[in-house]
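These notes are about the structure you will find just below.
The values are calculated or read from the model by the stated rules, or taken from the named source; none is laboratory data. What you are looking at is a predicted structure, and each value in this text was computed from that prediction instead of being measured. All Cβ positions, glycine included, derive from the backbone under ideal geometry; neighbour counts span all protein chains shown. For the accessible areas, the whole protein counts, side chains as well, though only heavy atoms, and no ligand, DNA or RNA atoms are used. Shrake-Rupley method; radii C 1.70, N 1.55, O 1.52, S 1.80 Å.
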Amino acid sequence: MLTLWSMPSSGNSYKVRLLLAHLNVPFKHRDAEYGTGVTQSAAFLALNPAGKVPLLELEDGRTLRESNAILLYLARGTRFLPDDAYEQALVHQWMFFEQYNHEPTIAVRAGILTYDDRAHRRTPEELDPLLEKGHAALALMEQQLAQTPFMTGETLTVADICLYAYTHSAGDKGGFEMDRFPAVNRWLARVASEPGHVPLEWLPDAN
Ligand SMILES: N[C@@H](CCC(=O)N[C@@H](CS)C(=O)NCC(=O)O)C(=O)O
């Protein structure tokens with residue numbers, strides 16, 4: 001069985017839990033919640049020297065880190081990753097965008113506002129540029145989603161799962177003005193209504 005080391009409160013970890021739930025693939029969950037020290041333990045660092053989750057352990061003991069690499073690995077041969085080279089490249093395009101433009105602004109701002117040990121960073125100097133850059137990322141998504149129901153076209157792919165993870169809580173946790181992005185809001189509802197969807201809090205039964 002697969003083992004997923006993940007942080008229940010983290011969007012990067014949620015992406016992988018969400019795809020595994022969609023795929024109905026059983027997995028063992030190893031909790032590495034923020035502040036517990038698990039990611040800095042010697043046992044975990046031996047598996048992932050980067051000290052970050054999510055981390056996937058395969059049945060044969062090999063490991064894979066970086067949430068989007070894990071998504072692409074798990075999605076191969078499923079309806080969540082197209083076979084066509086160009087359509088697949090569009091999925092990659094939005095997943096690279098997520099890691100370079102979206103997560104470093106939207107997730108970082110939400111993290112500063114959520115985790116108490118980051119309270120000292122709640123300054124206009126830090127928060128204002130993140131708000132502006134996060135809104136710019138949401139505006140790019142809005143432009144796409146005004147034309148297509150999902151990020152790369154007519155069907156849900158791992159690009160949607162990837163971007164859903166931090167977009168769905170961008171208003172509540174990050175203070176982003178979601179009313180400015182109606183197509184994004186419709187897409188959020190569309191993704192959440194897909195069969196197999198689970199919320200951030202979902203974890204597999206203990207095994
Ligand atoms: N680019 C990485 C980012 C991973 C990352 O930063 N994970 C955070 C949680 S979102 C983490 O594990 N932090 C370790 C810690 O805070 O102890 C990915 O997408 O997997």
**OP:** Name, by its number, the condition in (1) part of a loop (DSSP other than H, G, I, E, B); (2) more than 10 Å from the ligand (Cβ to nearest atom); (3) closer than 22 Å to Gln99 by Cα that does not hold for Gly61.
**Re:** (3)
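Within segment 133-178, which residues are charged (D, E, K, R) and open to solvent by 10 Å² or more (accessible area, probe 1.4 Å)?
From segment 133-178, those charged (D, E, K, R) are 133, 142, 154, 160, 172-173, 177; that's our starting set.
Within segment 133-178, Lys133, Glu142, Glu154, Asp172, Lys173, Glu177 meet the criteria.
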Subject >> segment 1-25: number of residues that are in a helix (DSSP H, G or I) and not hydrophobic (A, V, I, L, M, F, W, C) >> reply: 7
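Inspect all residues belonging to segment 30-41 and state whether any of them is among the hydroxyl-bearing types (Ser, Thr, Tyr), in contact with a helix residue (DSSP H, G or I) (Cβ under 9 Å, 6 or more places away or on another chain) and more than 8 Å from the ligand (Cβ to nearest atom).
The answer is no; no qualifying residue exists.
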Original post:
Of (1) open to solvent by 20 Å² or more (accessible area, probe 1.4 Å); (2) touching a Leu at 6+ places or on another chain (Cβ under 9 Å); (3) without any contact (Cβ under 8 Å) to a residue 40 or more places away in the chain, Glu125 satisfies all except one. Which?
Top reply: (2)
Original post:
Would it be correct to say that Asp205 is among the acidic types (Asp, Glu), assigned by TED's automatic domain parsing to the domain that holds Arg122 and open to solvent by 20 Å² or more (accessible area, probe 1.4 Å)?
Top reply: no
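Taking into account only those residues within segment 65-87 that are open to solvent by 50 Å² or more (accessible area, probe 1.4 Å) and without any contact (Cβ under 8 Å) to a residue 12 or more places away in the chain, which is nearest to the ligand (Cβ to nearest atom)?
Checking each candidate, the answer is Glu66.
Within segment 189-198, is there a residue that is surrounded by 19 or more Cβ atoms within 10 Å (Cβ to Cβ) and closer than 21 Å to Leu90 by Cα?
Among the residues of segment 189-198, at least one is surrounded by 19 or more Cβ atoms within 10 Å (Cβ to Cβ) and closer than 21 Å to Leu90 by Cα, which makes the answer yes.
In this structure, does Leu113 turn out to be closer than 21 Å to Asp179 by Cβ, within 16 Å of the ligand (Cβ to nearest atom) and more than 17 Å from the chain's Cα centre (by Cα)?
Working: closer than 21 Å to Asp179 by Cβ: yes; within 16 Å of the ligand (Cβ to nearest atom): yes; more than 17 Å from the chain's Cα centre (by Cα): yes.
Judged against the criteria, Leu113 is a match.
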Original post:
Looking at segment 1-29, which of its residues are among the hydroxyl-bearing types (Ser, Thr, Tyr), open to solvent by 10 Å² or more (accessible area, probe 1.4 Å) and within 9 Å of the ligand (Cβ to nearest atom)?
Top reply: Ser9, Ser10
Original post:
Hey, Gly51 hits all of (1) more than 17 Å from the chain's Cα centre (by Cα); (2) without any contact (Cβ under 8 Å) to a residue 24 or more places away in the chain; (3) open to solvent by 50 Å² or more (accessible area, probe 1.4 Å); (4) within 14 Å of the ligand (Cβ to nearest atom) but one; which does it fall short on?
Top reply: (3)
